[in-house]
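Below is one structure, written out as structure tokens, with a few remarks after it.
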Amino acid sequence: MPDPSPPSLPIGYGSRSATTADVHAIHRLVAACEHELYGRAPTSADRIAADLGPSDPDLTCDAVLIHDSGGEPAGWGRVGGRRSTVDVHPAHHGRGLGRALLSWAEGRARRMGSDQLAQTAADRDHAAVALLRSSGYSWLPSVSGQVPTDRGEAAGRRLSPRPDPPWSCSAEPRRPRCPA
């Protein structure tokens, strides 16, 4: 099985591919992040399951779960086309996990053949906003043409081609499937 590990994880952290078996653990992680930001957790476990999708041969490279030394989820990331999701549990903020996951997401998007990547973050999530800005992301206008100011703002950036890092899943771009 290919290694989807983000580069340069701090001591005491490990990672592995995230699968549909991790839905409830990832949901708890996402709920902790949402409670920290909004005081409630609007994302359901069903939404996480839909994001992880049905059994897919590329899933081992499309989602990664970072765990602490006790095996508890500390962060996760997912790439689907030109969109990524990255969440770090509030108890693990400030340790470089967000940067490692964002780097992994950019590398995975490149290997999937994308030249751009968008990540959604709330403007009140100051750490995420700072990370995205320092990584060259800019805020994208909403459908109405206005830059959103509430929950769910999207930041995007054009990806420069880079050789695959040693933790690459595959040099082959993922080919989308057409529904039958």
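The values are calculated or read from the model by the stated rules, or taken from the named source; none is laboratory data. Just so it is clear, the model here is predicted, and its values are computed rather than measured. Positions of Cβ are generated from backbone atoms using ideal geometry, with glycine treated the same way; all protein chains shown enter the neighbour counts.
Structure notes:
- For residue 114: the one exception among (1) crowded, with 19+ Cβ neighbours inside 10 Å; (2) modelled with pLDDT under 50: (2)
- Residue selected from the range 1-16 under the condition hydroxyl-bearing (Ser, Thr, Tyr) and modelled with pLDDT of 90 or more, by the criterion nearest to the chain's Cα centre (by Cα): 15
- Those residues of the range 117-160 which are surrounded by 13 or more Cβ atoms within 10 Å (Cβ to Cβ), hydroxyl-bearing (Ser, Thr, Tyr) and modelled with pLDDT of 75 or more, in sequence order: 120, 135, 137
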